[in-house]
Amino acid sequence: MNAVPLGSPFAISTSVVVFRPDRTLLARTLASLAVASDLLAARKVRALHLYLIDNGGLPEMGESLEALTRAGVGHTLIAGHGNVGYGRGHNLAIAQPLGRYHLILNPDIEMNPDALAKAVEFMESHPDVGLLTPAIVDDAGEMQFLCRQYPTLIDLFVRGFLPASMRRLFARRLARYEMRAQINGRDTVWDPPIVSGCFMLFRSEVLKVLEGFDPRYFLYFEDYDLSLRAHDVARVAYVPSVRVLHHGGGASRKGFAHIRMFVASAFKFFNRFGWKWL
């Protein structure tokens with residue numbers, strides 16, 4: 001890892017944790033950062049810096065990283081630590097010098113060209129906001145309802161593991177859990193209890209107070225944990241003018257190992273914040 005000097009002149013830092021990523025999707029994520037940097041520069045926002053955390057299996061990304069450099073985006077590769085998990089991977093970046101804002105970003109997210117500029121503009125206008133979450137759509141352009149109420153065990157089982165045909169039987173319950181009555185493409189929603197870790201824009205001073213992700217989670221629920229703790233120190237806002245495309249999928253579609261990790265993390269989450277069954 002190349003050290004970044006303290007007091008580095010970037011206003012926004014971002015961290016992307018990868019483990020055997022899809023090269024094409026990661027290239028799109030990095031390309032969207034390059035475009036975002038150009039629009040930020042046009043709005044006189046100082047430079048963007050990327051921390052790319054390699055938990056293992058990072059493909060050759062030289063062309064994408066060179067494009068970032070041409071767009072004025074500095075980058076630091078953090079590697080050699082092995083697969084320490086999603087949250088602990090991001091924590092390696094959070095321990096480095098950060099900009100005024102820090103973006104937690106998945107390697108399967110493509111930002112709209114103006115997404116980051118609009119997010120920063122909102123944060124600048126609302127100094128009480130410590131965490132911003134965007135409108136998230138899937139490959140078909142359909143809204144993903146990733147703001148959540150506090151989950152019950154039934155919510156998690158239905159949402160994570162039942163096929164779509166059976167989920168229809170629980171439509172009202174899922175609509176409540178996924179905040180479908182509140183979340184849309186027009187209205188800002190204040191203080192949703194839980195937001196997705198695929199795109200979390202933090203005021204860095206808030207993220208430092210929270211000390212990043214809880215390292216006890218290897219994968220899954222680390223964003224639920226961090227969201228709930230964020231409410232203790234700042235406001236959280238869903239801002240639909242900030243739009244991103246998410247290519248991700250659920251745990252049940254990724255095999256038994258992911259199901260096991262999902263269950264283990266759910267157990268840790270409920271032990272910490274309280275069990276809710278129905």
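The values are calculated or read from the model by the stated rules, or taken from the named source; none is laboratory data. Everything numeric here is computed off the predicted structure, so don't read it as measured data. When we count neighbours, we look across all protein chains shown, and the Cβ atoms used for this are built from the backbone with ideal geometry, even at glycine.
Worth a mention:
- Picking from residues in region 32-69 that are touching a helix residue (DSSP H, G or I) at 6+ places or on another chain (Cβ under 9 Å) and charged (D, E, K, R), the one that is nearest to H102 (Cα to Cα) is R46.
- Test result for R168, under 19 Å from W277 (Cβ atoms) and either of a type outside the set (S, T, N, Q) or crowded, with 17+ Cβ neighbours inside 10 Å (or both): no
- Selected residue [surrounded by fewer than 16 Cβ atoms within 10 Å (Cβ to Cβ) and at pLDDT below 95] from F273, F256, F262: F256
- Residue list for region 43-59, filter: in contact (Cβ under 8 Å) with a residue 24 or more places away in the chain and either assigned to a loop (DSSP other than H, G, I, E, B) or surrounded by fewer than 18 Cβ atoms within 10 Å (Cβ to Cβ) (or both): R43, V45, R46, N55, G56, G57, L58, P59
- Being hydrophobic (A, V, I, L, M, F, W, C) and either over 15 Å from N91 (Cα atoms) or in contact with a Ser or Thr (Cβ under 6 Å, 6 or more places away or on another chain) (or both) is a condition met by no residue of region 209-219.
- Residue check for A71: among the hydrophobic types (A, V, I, L, M, F, W, C), at pLDDT below 95 and under 24 Å from H246 (Cα atoms): yes
- Residue among S241, S265 that is among the polar types (S, T, N, Q), touching a helix residue (DSSP H, G or I) at 6+ places or on another chain (Cβ under 9 Å) and either in a loop (DSSP other than H, G, I, E, B) or within 23 Å of I136 (Cα to Cα) (or both): S241
- Boolean, Y238 is buried (at least 16 other Cβ atoms within 10 Å of the Cβ) and out of contact with any strand residue (DSSP E or B) (no Cβ under 9 Å at 6 or more places or on another chain): no
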